[in-house]
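K.L.:
Would you mind keeping the following structure in view while I ask a few things?
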Amino acid sequence: MSTATARRAPTTTGSDRVALPGADGRWREVTLHAPREWQEHPEPYTSRVAFAAAHVVADPYGDNTPGAPARVDWESTLAFRRSLFRYGFGVAEAMDTAQRNMGLDWAAVQELVTRSAAQAAELGARIASGAGTDHAPDARTLGAVRDAYLEQLDFVQGTGSQVIVMASRQLAAAAEGEADYRSVLDPVLDRAQEPVILHWLGEMFDPALSGYWGSSEVPAATEAFLRLVHDRADVVDGVKVSLLSAEHEVGLRAALPEGVRLYTGDDFNYPELIRGDGTYHSDALLGAFAAIAPAASAALAALDEGDLETYDREMAPTLALSRHIFERPTFHYKTGIAFLSWLTGQQPGFVMVGGLQSARSAVHLSTLFQLADEAQLFPDPDLAAQRMRTWLAGAGLTP
């Protein structure tokens, strides 16, 4: 007799209760919270700039197997972005959340940014899109990496989107020090028509980015990064930092030139960083916001009113969920965001480009379900419960 068979869950008899498996083979029954009526906030926030890095919805009919060209459900993908706009967020497009370097090929990136930028322009919403070098995996010289960046920069600018200069695997491999980074990135910044967002993505999100900015020591890398930002502050709107270190971010934002924003990418500590310390604060460009948009919207609306107590109260239930979604291996956080999108009825199936729906375990996703319920993020708890039970049964897990 298997452990899972021997340790049976309580019988679930109501639609408001779901049995969930644990890592020890035991089951627990959770009673779902009633849905909360979240207030939409279609206007941008006045106290902070807030981008949500959105995922792509895979076409459930498409051949989204590992290594295959991405097949995207464009209707659901664009609808997801409209939902973010309704809660006051700008969209950070074609970022790592959208599976750059993890299944989303250049042809799909181009179509995604074109469609999303057109929709943002139509709705009067803010959008910033990633420009990198991932379409040129064989770029091994600094000149080839620079040309790859320029190609993507020109494309993104041509859609009308603001540019996010992404961290590049190819640059990390080709560069030997700070001067090499500058030889590539200065020409990119020279070509920018509007101020860009510089992205520093840590190796926990992409191991191929180890030693970025020319050093594996974070203090030395930070000094090189700051020299670039100070030298080019006229063409840098802000920096997006994803190192999952609140201490580092607090020090970095105080060292930035006046007028350059720090867009937090810290999915572990964003409430305190956005709240600020009374002197400095972080703005936001977060994959977590794609998962917790209604709650984050309520918090940011309170912050606009100077109501810190409500801000803290609204953000608090989201943090455990975000930390769970982004737990190690962090680069598979996208699976949790897509799963939550399916549970909330924002996409027809739990599939991902590159087959990455398999990148998290059933136990991990069961805990995600419970934490999302505790944050009252299910607009239709009955639908979420039915989908969770169906998915667990399909995975061979029944109480």
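K.L.:
Give me the pairs: first residue in the stretch 231-258 and hydrophobic (A, V, I, L, M, F, W, C), second residue open to solvent by 20 Å² or more (accessible area, probe 1.4 Å) and in a helix (DSSP H, G or I), beta-carbon distance under 6 Å, and six or more apart or on different chains, which are they?
P.N.:
Listed by first residue and then by second, the contacts come to 255/226.
K.L.:
Can you say whether residue 220 is of a type in the set (A, V, I, L, M), free of Cβ contacts under 8 Å to residues at least 24 places away in the same chain and over 15 Å from residue 149 (Cβ atoms), as far as the supplied structure shows?
P.N.:
Taking the combined requirement at face value, the residue satisfies it.
K.L.:
If you check 52, 70, 58, which single one turns out to be in contact with a Phe, Trp or Tyr (Cβ under 6 Å, 6 or more places away or on another chain), in contact (Cβ under 8 Å) with a residue 12 or more places away in the chain and buried (at least 22 other Cβ atoms within 10 Å of the Cβ)?
P.N.:
Only one candidate qualifies: 52.
K.L.:
Quick one: how many residues across the stretch 178-214 are closer than 18 Å to residue 100 by Cα, open to solvent by less than 50 Å² (accessible area, probe 1.4 Å) and not in a helix (DSSP H, G or I)?
P.N.:
Going through the stretch 178-214 one residue at a time, the tally reaches 8.
K.L.:
Kindly provide the set of residues from the stretch 348-377 that are under 19 Å from the mean Cα position of the chain (by Cα), surrounded by 15 or more Cβ atoms within 10 Å (Cβ to Cβ) and either among the polar types (S, T, N, Q) or under 17 Å from residue 288 (Cβ atoms) (or both), ordered by number.
P.N.:
Initially, the stretch 348-377 is screened for residues under 19 Å from the mean Cα position of the chain (by Cα), giving 350-360, 364-365, 368-369, 371-372, 375, 377.
If we keep only those that are surrounded by 15 or more Cβ atoms within 10 Å (Cβ to Cβ) as well, we get 350-357, 359-360, 364-365, 368-369, 371-372, 375, 377.
Passing the criteria: 357, 360, 364, 365, 368, 369, 371, 372, 375, 377.
K.L.:
Of all residues being open to solvent by 80 Å² or more (accessible area, probe 1.4 Å) and of a type in the set (D, E, K, R) in the stretch 258-283, which is nearest to residue 326 (Cα to Cα)? Just the residue, please.
P.N.:
Residues of the stretch 258-283 open to solvent by 80 Å² or more (accessible area, probe 1.4 Å): 258, 261, 272, 275, 277-280.
Filter again for of a type in the set (D, E, K, R), leaving 258, 261, 272, 275, 277.
Details: 258: 31, 261: 24, 272: 17, 275: 21, 277: 25 Å.
The extreme case among them is 272.
K.L.:
Same structure again: Restrict the check to the stretch 315-322 and report whether at least one residue is touching a Leu at 6+ places or on another chain (Cβ under 9 Å), free of Cβ contacts under 8 Å to residues at least 24 places away in the same chain and of a type outside the set (A, V, I, L, M).
P.N.:
No: zero hits.
K.L.:
Further question: Take the residues in the stretch 302-329 that are in contact with a Phe, Trp or Tyr (Cβ under 9 Å, 6 or more places away or on another chain) and among the aliphatic types (A, V, I, L, M), then tell me which one is most open to solvent (accessible area, probe 1.4 Å).
P.N.:
So the residue we want is 319.
K.L.:
To continue, here is another question. What number of residues within the stretch 133-150 satisfy the criterion of being within 22 Å of residue 206 (Cβ to Cβ) and surrounded by fewer than 15 Cβ atoms within 10 Å (Cβ to Cβ)?
P.N.:
Of all residues in the stretch 133-150, those within 22 Å of residue 206 (Cβ to Cβ) come to 133-142, 144-150.
Of the ones still in play, those that are also surrounded by fewer than 15 Cβ atoms within 10 Å (Cβ to Cβ) are 137-138, 140-141.
Counting residues in the stretch 133-150 that are within 22 Å of residue 206 (Cβ to Cβ) and surrounded by fewer than 15 Cβ atoms within 10 Å (Cβ to Cβ) gives 4.
K.L.:
Let me ask you something else. For the stretch 111-152, name all the residues that are within 19 Å of residue 100 (Cβ to Cβ) and in a loop (DSSP other than H, G, I, E, B).
P.N.:
Those that are within 19 Å of residue 100 (Cβ to Cβ) and in a loop (DSSP other than H, G, I, E, B): 132, 133, 134, 135, 136, 137, 138, 139.
K.L.:
May I pose another question? Take the residues in the stretch 20-40 that are in a loop (DSSP other than H, G, I, E, B) and of a type in the set (Lys, Arg), then tell me which one is least open to solvent (accessible area, probe 1.4 Å).
P.N.:
36
The values are calculated or read from the model by the stated rules, or taken from the named source; none is laboratory data. This one's a predicted model, so the numbers in the text were calculated from it and none came from an experiment. Positions of Cβ are generated from backbone atoms using ideal geometry, with glycine treated the same way; all protein chains shown enter the neighbour counts. Please note that ligands, DNA and RNA were not included when accessible areas were found on the heavy atoms of the full protein model with its side chains. Shrake-Rupley method; radii C 1.70, N 1.55, O 1.52, S 1.80 Å.
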